[in-house]
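Presented below is the structure to which this report refers.
The values are calculated or read from the model by the stated rules, or taken from the named source; none is laboratory data. Since the model is a prediction, treat every value here as computed from it, not as a measurement. Because the Cβ atoms are built from the backbone with ideal geometry, glycine has one as well, and the counts that use them run over all protein chains shown. Keep in mind that these areas ignore ligands, DNA and RNA; they rest on the heavy atoms of the full protein, side chains included. Shrake-Rupley method; radii C 1.70, N 1.55, O 1.52, S 1.80 Å.
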Amino acid sequence: MGITYSVSEAIAHISFNRPEKLNALTLAMYDALGEAFVRAQDDPDVRVILLGGSGDRAFCVGADLGESIPALAEGRFDISEWDGAHIKQAGFHKPVVAAVNGLCLGGGFEIMLAADIRIAADTAVFALPEASLGFVPAGGTLVRLVRQIPFALAMELMLTAERFPAARLAEMGLLNRVVAPDELESVALEYARAIARKGRVAVSVIKEAALTLGHLSLDEAFRREAILGQRAFTSDEAKDGLRRFLSRDRAVRPKPG
């Protein structure tokens, strides 16, 4: 089926579904993945996205070397056409939880870097093999990786093109949790459920701030932070939250005398 999509408990479940080919992405799958992310972003009933790979052998090994890479190398389409699949578009502020099993290589690694929370099985293996094949990880990685971890570690991943175990990725700071394979789905789902229970506006503002404030001067960043904070504080969700807090506070406050 390529890319699967379903919604339950305010969670959009998006999955690479080509396990017989290690979930390698065809051109059609790149399009479908980008469309799935937009569908989730535009759906008011979706609060968080849970991204995974079908089967136990791979999360995603990136572009299909028999179709996508030759088409790109021959100039039959522009790499920017994959921007939606790599969540490069501005304004995408719904959180993404990635559940990584098996091989996570090339474009699969790059898509994982677009996720906000990353949970991996302890058997997962990661690599950016592009340099060994004569091209580069330009699906967001050239921008994201050096912003997410120290420079030397980012360069090690990109320049050596070697494979790394999940434990090493966690040491680098690229993973939130490493769990046993049989716990991966339940742990990732619990993260998604926990985020889905939080305020919709608050979660969106937090992600927007994380993505947009880092490159600004301190003065401008603080100015923009105040604007974003005001948006959250004046939302209906914040007002409801304050009322619930005050009600609980009055209920537990000891009576005088």
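Here are the numbers:
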read-out: Residue list for region 92-118, filter: farther than 19 Å from LEU157 by Cα and either among the β-branched types (Val, Ile, Thr) or outside any loop (DSSP other than H, G, I, E, B) (or both); value: VAL96, VAL97, ALA98, ALA99, ILE117
read-out: Selection status of THR26, in contact with a His (Cβ under 8 Å, 6 or more places away or on another chain) and surrounded by fewer than 22 Cβ atoms within 10 Å (Cβ to Cβ); value: no
read-out: Conditions (1) open to solvent by less than 50 Å² (accessible area, probe 1.4 Å); (2) in a helix (DSSP H, G or I): number failed by ARG147; value: (1)
read-out: Filtered residue count, region 150-171, keeping only those that are surrounded by 14 or more Cβ atoms within 10 Å (Cβ to Cβ), assigned to a helix (DSSP H, G or I) and of a type outside the set (Asp, Glu); value: 9
read-out: The listed residue being aliphatic (A, V, I, L, M) and surrounded by fewer than 20 Cβ atoms within 10 Å (Cβ to Cβ), out of LEU72, LEU113; value: LEU72
read-out: Enumeration of residues in region 116-138 that are without any contact (Cβ under 8 Å) to a residue 24 or more places away in the chain and either under 28 Å from THR212 (Cα atoms) or surrounded by 21 or more Cβ atoms within 10 Å (Cβ to Cβ) (or both); value: VAL136
read-out: Positions within region 12-23 being surrounded by 20 or more Cβ atoms within 10 Å (Cβ to Cβ) and polar (S, T, N, Q), in sequence order; value: SER15, ASN23
read-out: Conditions (1) of a type in the set (Val, Ile, Thr); (2) surrounded by 15 or more Cβ atoms within 10 Å (Cβ to Cβ); (3) without any contact (Cβ under 8 Å) to a residue 24 or more places away in the chain: number failed by VAL179; value: (3)
read-out: Scope region 200-211; condition open to solvent by 30 Å² or more (accessible area, probe 1.4 Å) and touching a helix residue (DSSP H, G or I) at 6+ places or on another chain (Cβ under 7 Å); matching residues; value: ARG200, VAL201, ALA202
read-out: Region 80-104, residues that are farther than 28 Å from ARG197 by Cβ, open to solvent by 20 Å² or more (accessible area, probe 1.4 Å), touching a Lys or Arg at 6+ places or on another chain (Cβ under 9 Å) and at pLDDT 95 or above; value: LEU103
read-out: Residue, modelled with the highest pLDDT, within region 45-69, restricted to residues that are open to solvent by 30 Å² or more (accessible area, probe 1.4 Å) and among the aliphatic types (A, V, I, L, M); value: VAL61
